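The values are calculated or read from the model by the stated rules, or taken from the named source; none is laboratory data. Everything numeric here is computed off the predicted structure, so don't read it as measured data. When we count neighbours, we look across all protein chains shown, and the Cβ atoms used for this are built from the backbone with ideal geometry, even at glycine. When the accessible area is computed, the model is the full protein with side chains, heavy atoms only, and any ligands, DNA or RNA have been set aside. Shrake-Rupley method; radii C 1.70, N 1.55, O 1.52, S 1.80 Å.
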Amino acid sequence: MTAEYQVHGDVAVISMNNPPVNGLGFSTRVGLTDGLTKANADAAVKSIVITGAGKAFSGGADIKEFGSPKALAEPNLLSVILAVENSTKPVIAAMHTVAMGGGLELALGCHYRICAPGCSVALPEVKLGLIPGAGGTQRLPRVLGVETALNMIVSGEPVKSEMLAMLPGQKLFDKMAASAESLAAEALAFAQEMATKHADGSAFPLVRSMPCKHPLGDAYFQFARNMVGGMSKNFPAPLKCVDAVEAATKKKFDDGMAFERDIFVNLMWTSESRALRHIFAAERAASKIPDVPEDTAQRAIKSVAVIGAGTMGGGISMNFLNAGIPVKMLEMKQEALDRGIATIRKNYESQVKKGKLKQDKYDQRMALLTTTLDYADLKDADIVIEAVFEEMGVKEAVFKKLDEVMKPGAILASNTSTLDVNAIANFTKRPQDVVGTHFFSPANVMKLLEVVRGEKTAKDVLATVMAIGKKIKKTSVVSGVCDGFIGNRMIEQYSRQAGFLLEEGCTPAQVDRAVEKFGFAMGPFRMGDLAGNDIGWAIRKRRNIEKPGMKYSKTADLLCEMGRFGQKTGAGWYDYQVGKRDAIPSDVVNKMVEDHRAAQGIKARKISDEEIVQRLVYSLVNEAAHILEDGIASKASDIDMVYLTGYGFPIYRGGPMHYADQVGLFNVVQAMNRFAKNPLDDAAFWQPAPLLARLAAEGKTFN
Ligand code: NAI
């Protein structure tokens, strides 16, 4: 049982004890109802306190039970709350640290609530595409007022208890404890006080009986719907939060509860909620590496060195400065250092101007940044991250130098995006200390960090780098060594498909529109213009020497031969006006594509948006299945995280693998078989990866 029962004098204390946040799993719920039964049966007990042991009152549903029948088994949370309401002795919630979701709903069912300052209070269900399902939408407006409650329910964001306690007329807390430390004693005293107050047999207050109205009524909810609807495109849950809170103002309590329940159950089945719940679990799973135990000892990281103060070096440095970790940047020339520092300054200054960063914080961060031209100055750094030119010869020189100067045990990381991390490791006499840290551009903004595990990378190095990733607020995903690692290896296939689509009859704008309608932040051609088409061009040129015969449409090369590298040259797949980023369809490009088609003897055909999206997305899926099979990624959900956080895959579709699972792998394979018959496409590529073929045949899924 994960709730403890103790009697102190004439007060029974039921303490939820299900680390880390006292999730309301089955055994915690049984512990609560058993405790209530015991306390009600014991004549010596006059009042009851419900609290949480350790680091939370309760964080709500137990994520370990997510989606399992146990989550709904009786006593479910609604039954527990009913048992609390019906207790013949007053029940007091003693809240502290975290009271979220079901935890807050439980407290709202209690007759009284005492809370410590510093408690994070929230109904975060909307973040999983749901609404609160155990009375949260009906009770919170009754104690905090409709507007505050709706704001909290729609945003899902936590608010500190001391802020809520200041709201005029709030009835969420009957009493604030002086501190978290004094909460237990104050809760006992308050419980005794309430027992005395009700010794005359008077009824206990119930939130369900409190009135709930908004003075503007319909007008307010119309306004709320306009606001919320505009901000929650593609996600049904936020507007449903408005419906449920409105019901609290219009329906009898029990009818409102039934209304909330219906919405909750319906949302559970939506693809958006499934996607969000998948991402919630995937994000937590990403930090777990199958053969690296969670308690692996880590190396201490107190200082960082960065080699190269260019685009990536600067952004990477900012991550550490933001986290309060000192950074020393090394370059070959003072001018390069000056340029790098100026860019970092400009970045921070624009944040200060926008009010996103306080001046003193900016000063503190810049004070943590030092520079040098001399490798000897780096020797004491705990980790060094190399971000120099993408050329093996340059990397070799840098890593040989680092091997000479760095202290033993220092982690040597490379930000390379295409080079072989094993080869880089072998430039040193300590390959076990070498790892890839593949940041995405802009490195101070993008969430994704691919942690590239070389064949000799030590487990404690991996564990340490994953922990650093967390510290600098990245989503870190481990990738094995291969060309492009996880993300870029997949996007190469996607780009090839985009090229074939042009050849067969699409315009860049048509492809982008279809993919953006599907939900991608940006279609492949707009993305190419933003990132620079010359990058892929350089890689293809190198590839064609190394891997001759890789089939792709030459249109991207022809574009680069015209000097159209993208936004930076004012022209790419689209035209751009000076100083603007709007992509304007280009007659020049369309003509180039048509001429190329004619030269190949291809007659353009009309291609549906559906085909465009399927070919692009399934190309990701098939390559990802190979990546899983090759052991480059250890689980399908890691691949989803890469695409969601690094490549703008629509959140509400849950990532390419989750999306394929939802479509059904059988259907995905059927479509691939159709694509393989297209003589202008790459039939060999469309052979389903063996893993995909097997799962489809067995009716299974990736995740
Ligand atoms: P960049 O050209 O902006 O910066 C490279 C910097 O390294 C320059 O300031 C240069 O002076 C300096 N440098 C070159 N050789 C050096 C040496 N021997 N010692 C010290 N400094 C030296 O290049 P960028 O874009 O920052 O790329 C750096 C690395 O990051 C490359 O490996 C690249 O593949 C990788 N990368 C780049 C991404 C991007 O979007 N730009 C994304 C992810 C990885």
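Please report the antiparallel percentage of DSSP beta bridges with both residues in the chain, rounded to the nearest 5. Around 30 percent antiparallel, to the nearest 5.
Phi angles across region 11-19 convert, under the Karplus curve 6.51 cos²θ - 1.76 cosθ + 1.60 with θ = phi - 60°, into 3J(HN,Hα) values of 10, 8, 10, 9, 10, 5, 9, 9, x Hz, Gly and Pro given as x. Of the solvent-accessible surface of the chain, computed with a 1.4 Å probe and all protein chains present, 57% belongs to carbon and sulfur. Once the 1.4 Å probe is applied to the protein heavy atoms, the chain comes out at 43 Å² accessible per residue. Residues whose amide H lies under 5 Å from that of residue 119, counting only those 5 or more places away or on a different chain, are 97, 161, 162; hydrogens are built 1.01 Å from N in the peptide plane. Summing charges over neighbours of residue 35, with a neighbour being any other residue whose Cβ is under 14 Å away from its Cβ, gives 0 when K and R count +1 and D and E count -1. With a Förster radius of 30 Å applied to the C-beta separation of residue 542 and residue 377, the computed FRET efficiency comes to 0.30.
How big is the dipole moment of the chain about its Cα centre under a simple scheme where the beta carbon of each Lys and Arg is +1, that of each Asp and Glu is -1, and everything else is neutral? Debye, nearest 20, please.
For this selection, approximately 660 debye.
How much of the DSSP beta bridge set in region 304-479 is antiparallel, as a percent to the nearest 5? Antiparallel bridges: around 15 percent, rounded to the nearest 5. Here region 3-268 carries DSSP beta bridges of which approximately 30% are antiparallel, counting only pairs with both residues inside. Take the convex hull of the alpha carbons in the chain; its mean projected area over all directions comes to 34.5 nm².
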